[in-house]
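Single-structure report; data block below.
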Amino acid sequence: MNFGVLVFPGSNCDIDCYKAVEETVGQKVEYVWHTETDLSRFDCILVPGGFSYGDYLRCGAIARFAPVMGALVKFAEQGKFVLGICNGFQILTESGLLPGALLRNRTLKFRCHSAMLRVENAGTPFTNQYREGEEIDIPIAHGEGNYYCDAETLEKLKANNQIVFRYAGSNPNGSVDDIAGICNERGNVLGMMPHPERAVNQLLGSEDGKRMFTSILNKWREQHGAAAIR
Amino acid sequence: MLKATVYVTIKESVLDPQGNAVQGALHSMGFQEVGKVRIGKYLEVNLDTDDRAEAEERLKAMCEKLLANTVVEDYRFEIA
């Protein structure tokens, strides 16, 4: 399985994502510069955190028009896996691959600490190694992670089971309905504010993020008739 | 050459935490008369055209595509 990690000017979690793939599933992974226009060799694209193009104007607003984004939209339409983390999530909402928008944290504080998440949907390609309702420890690090969508969109998200993670315990940013991560209707595009790539080894304080990556490989192998991993 | 000013504000229906913080600061400084405060963005855009109608149409497209996120923001502009 081939993983690609997008790199925008200002991405700073790209190396963590790359290393997380190596550490958790040991699959092929390469960096993809934002000017690239062909993603056909990949099976999963990670859109990492950071401050793409300095996040001038709005988080993710400029990255959304990077040359690679046209290819990413096509990639997603093919049903391949796209995981956007933090700034990656912001870019996915700006580009319309996911609904809603991310606002400044309600507290106005940049929050950087571990957070408990509840897995609300364990049926996605990204969460099949978790149990529904399981609480996992994944760190957050953001100033604009306050997920917002209108009431109608929220109803749709609920009806289609698109809310994948909620904050368990206190909500660090004021997001609607305690949402920490959502997927698209088809389930192959996931965006989340917490950083699973920073929780893949006990040395980092938690390895609860590991199973996101093994879930992806597991789903890919299932689709490609290969043996599942445990 | 036309000069446009673009104002982008958070929608009335959406919480503006920065505005609330400034409102609180003004209150604590004794400016009790302050009601709601909203913070937005101000952009100056120089346009290499003299056609106002065209400029308006192009600015609208700029706002819709990039300058404002219409999920959570409103925009307006003036052409000088």
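Taking into account only those residues within the stretch A:123-151 that are under 18 Å from residue A:193 (Cα atoms) and among the polar types (S, T, N, Q), which is farthest from the chain's Cα centre (by Cα)?
A:146
Out of the residues in the stretch A:49-70 that are open to solvent by less than 50 Å² (accessible area, probe 1.4 Å) and outside any loop (DSSP other than H, G, I, E, B), state the one that is farthest from residue A:126 (Cα to Cα). Reasoning before the result, please.
Taking the stretch A:49-70 first, the residues open to solvent by less than 50 Å² (accessible area, probe 1.4 Å) are A:49-50, A:52, A:54-55, A:57-61, A:63, A:66, A:68-70.
Of the ones still in play, those that are also outside any loop (DSSP other than H, G, I, E, B) are A:50, A:52, A:54-55, A:63, A:68-70.
Values: A:50: 21, A:52: 24, A:54: 28, A:55: 27, A:63: 24, A:68: 22, A:69: 21, A:70: 23 Å.
Applying the filter and picking the extreme gives A:54.
Where residues in the stretch A:17-27 are over 15 Å from residue A:89 (Cβ atoms) and in contact (Cβ under 8 Å) with a residue 60 or more places away in the chain, which of them is most open to solvent (accessible area, probe 1.4 Å)?
First, the residues of the stretch A:17-27 that are over 15 Å from residue A:89 (Cβ atoms): A:18-27.
Pick out the ones that are also in contact (Cβ under 8 Å) with a residue 60 or more places away in the chain and you get A:19-21, A:23-25, A:27.
Details: A:19: 117, A:20: 1, A:21: 0, A:23: 93, A:24: 24, A:25: 20, A:27: 40 Å².
Among residues in the stretch A:17-27 that are over 15 Å from residue A:89 (Cβ atoms) and in contact (Cβ under 8 Å) with a residue 60 or more places away in the chain, the one most open to solvent (accessible area, probe 1.4 Å) is A:19.
Across the stretch B:53-67, which residue is most open to solvent (accessible area, probe 1.4 Å) among those that are within 14 Å of another protein chain (Cβ to nearest Cβ) and out of contact with any Leu (no Cβ under 9 Å at 6 or more places or on another chain)? Walk me through it before giving the result.
Going through the stretch B:53-67, the residues within 14 Å of another protein chain (Cβ to nearest Cβ) turn out to be B:61-67.
So of that shortlist, the ones also out of contact with any Leu (no Cβ under 9 Å at 6 or more places or on another chain) come out as B:61-65.
Working: B:61: 48, B:62: 65, B:63: 0, B:64: 87, B:65: 135 Å².
Ranking the candidates gives B:65 first.
Select from the stretch B:23-52 the residues that are over 25 Å from residue B:62 (Cα atoms), within 17 Å of the chain's Cα centre (by Cα) and open to solvent by 70 Å² or more (accessible area, probe 1.4 Å) and list them in ascending order. Step through it out loud before you land on a result.
In the first step, residues of the stretch B:23-52 are kept if they are over 25 Å from residue B:62 (Cα atoms); the result is B:23-37.
Next, from what is left, pick out any that are within 17 Å of the chain's Cα centre (by Cα): B:36-37.
Across the stretch B:23-52, the qualifying residue is only B:36.
What do you reckon, is residue A:46 of a type outside the set (Gly, Ala, Ser), open to solvent by less than 30 Å² (accessible area, probe 1.4 Å) and either assigned to a helix (DSSP H, G or I) or more than 23 Å from residue A:143 (Cα to Cα) (or both)?
No: the conditions fail for residue A:46.
From the list A:148, A:167, exactly one residue is of a type in the set (Phe, Trp, Tyr) and open to solvent by 10 Å² or more (accessible area, probe 1.4 Å). Which is it?
Details: A:167 fails: open to solvent by 10 Å² or more (accessible area, probe 1.4 Å).
Among A:148, A:167, only A:148 is of a type in the set (Phe, Trp, Tyr) and open to solvent by 10 Å² or more (accessible area, probe 1.4 Å).
Using beta carbons and a limit of 6 Å, which pairs, at least six apart or on different chains, have the first residue in the stretch A:49-74 and more than 11 Å from residue B:66 (Cα to Cα) and within 12 Å of another protein chain (Cβ to nearest Cβ) and the second one of a type in the set (A, V, I, L, M) and in a loop (DSSP other than H, G, I, E, B)?
Cβ pairs passing all conditions: A:53/A:62.
On the basis of being loosely packed, with under 14 Cβ neighbours inside 10 Å, among the polar types (S, T, N, Q) and touching a residue at least 12 places away in the same chain (Cβ under 8 Å), does residue B:20 make the cut?
Numbers: loosely packed, with under 14 Cβ neighbours inside 10 Å: no; among the polar types (S, T, N, Q): yes; touching a residue at least 12 places away in the same chain (Cβ under 8 Å): yes.
When the stated conditions are applied, residue B:20 does not pass them.
The values are calculated or read from the model by the stated rules, or taken from the named source; none is laboratory data. Bear in mind the structure is a predicted one, so any value in this text is a computation, not a measurement. Note that we place each Cβ from the backbone using ideal geometry, even for glycine, and neighbour counts take in every protein chain shown. For accessibility, only protein heavy atoms count, side chains too; no ligands or nucleic acids. Shrake-Rupley method; radii C 1.70, N 1.55, O 1.52, S 1.80 Å.
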